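Scroll down for the structure; my scribbles are underneath it.
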Amino acid sequence: MHGLLTRPRFWVHDPSMVKAPLKPLALVTGASAGIGAATARQLAEAGYDLFLVARREERLKALSEELQTHSVRVHWAVLDLRDRVALDQFFSS
């Protein structure tokens, strides 16, 4: 498991995605529970690398570890998509 890069109000897990061979990549929001987590599981089973976004870090970590058993790369960010300032910071970094 790769280290976390600490940023104000959110964290990004292993942002080195561009260095690896191209595979299908899916962005899943609300990934820490419910439909978002179920969608992430389905995509991992289909062989997609994933970038997961949600507010609950512990759930993202657990889901990331679970999904890596499908031989896919899983990257994640703790981010509240309702917070405009956090979104601006995330996309400008």
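Assorted remarks:
- Considering (1) more than 19 Å from L87 (Cα to Cα); (2) among the hydrophobic types (A, V, I, L, M, F, W, C); (3) out of contact with any helix residue (DSSP H, G or I) (no Cβ under 6 Å at 6 or more places or on another chain), the lone condition that V53 does not fulfil carries the number (1).
- Restricting region 28-80 to residues that are among the polar types (S, T, N, Q), open to solvent by 40 Å² or more (accessible area, probe 1.4 Å) and touching a strand residue (DSSP E or B) at 6+ places or on another chain (Cβ under 7 Å), the residue that is nearest to S93 (Cα to Cα): T29
- Residue that is modelled with the lowest pLDDT [pool: residues in region 5-27 that are closer than 21 Å to D88 by Cβ and of a type in the set (V, I, T)]: T6
- Members of region 69-91 that are assigned to a helix (DSSP H, G or I) and touching a Gly at 6+ places or on another chain (Cβ under 9 Å): H70
The values are calculated or read from the model by the stated rules, or taken from the named source; none is laboratory data. The shown structure was predicted, so the numbers you read here are calculated from the model rather than taken from an experiment. We place every Cβ from the backbone using ideal geometry, glycine too, and count neighbours over all the protein chains shown. Note: areas computed on protein heavy atoms with side chains; ligands, DNA, RNA excluded. Shrake-Rupley method; radii C 1.70, N 1.55, O 1.52, S 1.80 Å.
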